[in-house]
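Notes to accompany the following structure.
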Amino acid sequence: MRIFISTGEVSGDLQAAMLIESLFKLAKTQAIELEIFALGGDRMELAGAKMLGKTTRLAAMGLIESIPFILPTLQLQKRAKEFFRDHPPDLIILIDYVGANVTIGQSAKKIIPGVPIIYYIAPQVWIWSEENIPSAKLRSTAEKLFNTEKLIAVTDKLLAIFPAEARFFETKGVPVTWVGHPLVDRMANAPNRQEMRQKWAIKPKETVIALLPASRQQEFKYLVPTVCAAAQKLQEKIPDIKFLIPVPLALYEPKMRELVAEYGLNAVIMERDQTLEAIAAADLAVAKSGTVNLEIALLNVPQVVVYRLSAVTAWIARNIMKLSVPFVSPVNLVLMREIVPELLQEEANPERIMQECLDLLLNQQRRQKMLDEYAETKAGLGTVGSCERVAQEVFNTKSSY
């Protein structure tokens, strides 16, 4: 059995790698000879996929920010088409990465029309559902932006990680199954706080803040310097402080070290695979909006969520596309209410970030309220075994075609 998987982003690479491990494990129990070819990242390759190309370096958020990656993305899409012609897979799995993946799905439907396509972890267009956004015009704009009609057209089965995601696509007539969030599986063997503080030589009275502001190149331009400036202000207020900074891709490490030196931070630069260690050891985290927010919540660490796009992209979204969202962090989106503070665009400035951090460090009532609400968020993520459920759905889908 041959499976093709396509994803982008650092988070997509992680989620795909976890699925690949489960697919191989299930295939072994059923005596199925399995090979997996993929577009993705290093984690997928380590899990056993044969890579047709790497996409994690091509990730971008925003209209202007995506321009430098158009040509490399088109080249990888061409490679996928050639693979479909020369080595047709038995099944295709598309994970997030909507722009590129919808195009790949359309190509597959033309070249190998009988091959089933599973969309796992759909883009968050479901945020703009009728229950959240009353404006029909705004919902329509969002669906066009996320290529929703095209996504539905190429999808034979959708595997949702959020209940609201499943409900949204059910209303669109898509065959969908809620499988729960793969991070619940990842956290089953999460590092222990006490052990991590000991490992990283953290003093008993030392305040530790995990900084996780980037997984894309653009974020080193628009977000990381702002977070470093906020960290500098915090260091002035709290002398006995240490910052733990995991770097998601090795190519970002030199730039991160340069910024740490520029702002004079008492920081430890950590490797990508030590992200959970950094979070577990921390008293507080400052993180970009994204999957990492759920990791922080699952490890019961208070957090401040930040994000900035280029001023041009933000202006286009606000004034031309008229887009607005209730929340951006998945921690808030699960329950559709504010559990963690979100500082976006102009609000994501060093002073505001510092103030939010100080309040969460000093205000025990607010810290505890956030931790209590994390428990509700966790309930909306499903139970352990998500990746195994996805793997079983994959084999069931193949059997039905």
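The values are calculated or read from the model by the stated rules, or taken from the named source; none is laboratory data. What you see is a predicted model, and the numbers here were worked out from it, not measured in a lab. Virtual Cβ from ideal backbone geometry, glycine too; neighbours counted across all protein chains shown.
Observations on the model:
- Flag if Val306 is surrounded by fewer than 22 Cβ atoms within 10 Å (Cβ to Cβ) and in a strand (DSSP E or B): no
- Filtered by the rule that a residue be of a type in the set (Gly, Ala, Ser) and either at pLDDT 95 or above or assigned by TED's automatic domain parsing to the domain that holds Ser289 (or both), segment 1-30 gives Ser6, Ala16, Ala17, Ser22, Ala27.
- Boolean, Ile339 is assigned to a helix (DSSP H, G or I), crowded, with 17+ Cβ neighbours inside 10 Å and β-branched (Val, Ile, Thr): no
- Unmet requirement for Val227, which otherwise passes all of (1) within 28 Å of Ser11 (Cα to Cα); (2) free of Cβ contacts under 8 Å to residues at least 40 places away in the same chain: (2)
Quick grid of which residues meet (1) among the small types (Gly, Ala, Ser); (2) modelled with pLDDT of 95 or more; (3) in contact with a helix residue (DSSP H, G or I) (Cβ under 6 Å, 6 or more places away or on another chain):
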site	(1), (2), (3)
Ser289	yes, no, no
Val301	no, yes, yes
Thr313	no, no, yes
Ile320	no, no, no
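- Test: Ala201 is surrounded by fewer than 19 Cβ atoms within 10 Å (Cβ to Cβ) and of a type in the set (Gly, Ala, Ser): yes
- Qualifying residue in segment 161-174 (condition: surrounded by 17 or more Cβ atoms within 10 Å (Cβ to Cβ), modelled with pLDDT of 90 or more and touching a Leu at 6+ places or on another chain (Cβ under 7 Å)): yes
- From Lys242, Lys233, Lys205, residue being charged (D, E, K, R), part of a loop (DSSP other than H, G, I, E, B) and touching a residue at least 24 places away in the same chain (Cβ under 8 Å): Lys205
- Of all the criteria given as (1) crowded, with 20+ Cβ neighbours inside 10 Å; (2) within 18 Å of the chain's Cα centre (by Cα), the one not satisfied by Asp273 is (1).
- Selection within segment 19-45 - in contact (Cβ under 8 Å) with a residue 24 or more places away in the chain, more than 19 Å from Ile118 (Cβ to Cβ) and under 19 Å from the mean Cα position of the chain (by Cα): Gly41, Asp42, Arg43
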